[in-house]
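Colleague: This is the structure I want to talk about, given as structure tokens.
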């Protein structure tokens, strides 16, 4: 293994658990300003000396400002390290970090405060080698989990040579380290039904049943589900709400569906397939949020080969279905790589955890990649 990668990874791993414990101790669900600010105060204390901090507005209104830390070097290339501090876990369900053998359990530990800790460690390692880069930036956002507004920061880093995103890591089926270079587009479809109420016993046919209209919309969406097809479209109705009383024809309601495909263009086909009206109830579909797909396989192939040489072991590019801000950055920075965080499991669930030993091995992967990318300039 390259000596710089090996030494810097040891340093990151030596403090990673302590830093992760501090971040996970803070409950920071999306939209909670106090929680985000507490997390970012911890981050500020972990930055290398001389880092310049900015607090640009968050993409989502009502959230704490996002966080950018910049370190200046004397080299030629620029890289941005990307993460988020928000979680999906409500305050009442929050779990601080606890150790159980090789697992570190805690809310947000793998999604993605473990990745944040590694990103901060990589920034510190780079700060000690200013000749490697012209600028290294850390971007931590406060709204990744629930954002419906457009991502605000891609243009801020236009012209950067690479983006490394620290969502959770993974391995191939035979245990080889992977990073994520391909992601599906993700969309949230909201269908609103506008019906007409009536007494369900004495005059049901005078009503227009919003619930039945939404049920038909759900059937249509589900009929387009084709994960093995050319578009790899998954179309899954997930939440339906309608009706206020057992003896009244429902006059309104909403259906939410989760859509994933290789391209967000596939979502238009789902919208077009929905009927405008069912049984007198009008259907109004709209995309609540759309995250683009990402395919950086060609742009990242050389960096992965060079990083594997530095690691002294194989490193593969893999795919993942979930949404990530890496997809938003990849449209501006073609050399975008995701999945650099530690491995673990149980994201968004009570059993969320980080695999302890991967704090070191995934630090090695991230350091090898950033060194390979910066040395090619």
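The values are calculated or read from the model by the stated rules, or taken from the named source; none is laboratory data. Because the structure is predicted, anything quoted here is derived from the model rather than measured. All Cβ positions, glycine included, derive from the backbone under ideal geometry; neighbour counts span all protein chains shown.
Colleague: One residue is enough: does the stretch 296-315 have a residue meeting the conditions surrounded by fewer than 16 Cβ atoms within 10 Å (Cβ to Cβ), within 18 Å of residue 5 (Cα to Cα), touching a residue at least 24 places away in the same chain (Cβ under 8 Å) and in contact with a strand residue (DSSP E or B) (Cβ under 9 Å, 6 or more places away or on another chain)?
Modeller: Yes, because at least one residue in the stretch 296-315 is surrounded by fewer than 16 Cβ atoms within 10 Å (Cβ to Cβ), within 18 Å of residue 5 (Cα to Cα), touching a residue at least 24 places away in the same chain (Cβ under 8 Å) and in contact with a strand residue (DSSP E or B) (Cβ under 9 Å, 6 or more places away or on another chain).
Colleague: Would you confirm whether any residue within the stretch 162-171 is more than 30 Å from residue 72 (Cα to Cα) and in contact (Cβ under 8 Å) with a residue 60 or more places away in the chain?
Modeller: Yes, the stretch 162-171 contains at least one residue that is more than 30 Å from residue 72 (Cα to Cα) and in contact (Cβ under 8 Å) with a residue 60 or more places away in the chain.
Colleague: Does residue 220 meet the test of being outside any strand (DSSP E or B), within 24 Å of residue 292 (Cα to Cα) and either at pLDDT 95 or above or assigned by TED's automatic domain parsing to the domain that holds residue 147 (or both)?
Modeller: Yes.
Colleague: Out of all the residues in the stretch 243-264, which are surrounded by fewer than 22 Cβ atoms within 10 Å (Cβ to Cβ) and either farther than 12 Å from residue 214 by Cα or not assigned by TED's automatic domain parsing to the domain that holds residue 229 (or both)?
Modeller: The answer is 244, 245, 246, 247, 248, 258, 262, 263, 264.
Colleague: Can you name the residue in the stretch 120-146 that is surrounded by fewer than 24 Cβ atoms within 10 Å (Cβ to Cβ) and more than 22 Å from residue 376 (Cα to Cα) and is also modelled with the highest pLDDT among such residues?
Modeller: 145
Colleague: Has the stretch 21-35 got at least one residue that is without any contact (Cβ under 8 Å) to a residue 60 or more places away in the chain, farther than 22 Å from residue 65 by Cα and assigned by TED's automatic domain parsing to the domain that holds residue 309?
Modeller: Taking every residue of the stretch 21-35 in turn, none turns out to be without any contact (Cβ under 8 Å) to a residue 60 or more places away in the chain, farther than 22 Å from residue 65 by Cα and assigned by TED's automatic domain parsing to the domain that holds residue 309.
Colleague: Given the condition assigned by TED's automatic domain parsing to the domain that holds residue 20, loosely packed, with under 15 Cβ neighbours inside 10 Å and at pLDDT below 95, answer yes or no: does some residue in the stretch 265-286 qualify?
Modeller: No: zero hits.
Colleague: Within the stretch 359-366, identify whether any single residue is modelled with pLDDT under 95 and either in a loop (DSSP other than H, G, I, E, B) or surrounded by fewer than 21 Cβ atoms within 10 Å (Cβ to Cβ) (or both), and answer yes or no.
Modeller: Checked against the condition, which is being modelled with pLDDT under 95 and either in a loop (DSSP other than H, G, I, E, B) or surrounded by fewer than 21 Cβ atoms within 10 Å (Cβ to Cβ) (or both), the stretch 359-366 yields no hits at all.
Colleague: Residue check: is residue 235 touching a strand residue (DSSP E or B) at 6+ places or on another chain (Cβ under 6 Å) and part of a strand (DSSP E or B)?
Modeller: Here the answer is yes, as residue 235 does meet what is asked.
Colleague: Give the stretch 169-199 a look and list any residue that's in contact with a strand residue (DSSP E or B) (Cβ under 6 Å, 6 or more places away or on another chain), over 21 Å from residue 298 (Cβ atoms) and part of a loop (DSSP other than H, G, I, E, B), or say none.
Modeller: Selection gives 195, 197.
Colleague: Find the residue count for the stretch 207-245, including only residues that are touching a residue at least 40 places away in the same chain (Cβ under 8 Å) and more than 23 Å from residue 262 (Cβ to Cβ).
Modeller: Matching residues across the stretch 207-245 total 11.
Colleague: Filter the stretch 200-214 down to residues that are part of a helix (DSSP H, G or I) and under 40 Å from the mean Cα position of the chain (by Cα) and give me whichever is surrounded by the most Cβ atoms within 10 Å (Cβ to Cβ).
Modeller: So the residue we want is 210.
Colleague: Now for a separate question. Which pairs turn up if I take residues in the stretch 36-47 that are closer than 12 Å to residue 138 by Cα and look for partners that are surrounded by fewer than 18 Cβ atoms within 10 Å (Cβ to Cβ) with beta carbon separation below 7 Å, at least 6 apart in sequence or on another chain?
Modeller: Close Cβ pairs (under 7 Å, with a partner that is surrounded by fewer than 18 Cβ atoms within 10 Å (Cβ to Cβ)) amount to 44/53.
Colleague: Continuing with this model, one more query. Can you report the number of residues in the stretch 269-327 which are assigned to a loop (DSSP other than H, G, I, E, B) and closer than 22 Å to residue 147 by Cβ?
Modeller: Here the count works out to 7.
Colleague: For the stretch 65-135, give me every one of the strands (runs of 3 or more DSSP E) that falls completely inside it and has 3 or more residues that are assigned by TED's automatic domain parsing to the domain that holds residue 327 and in contact with a strand residue (DSSP E or B) (Cβ under 6 Å, 6 or more places away or on another chain).
Modeller: 67-72, 78-84, 103-105
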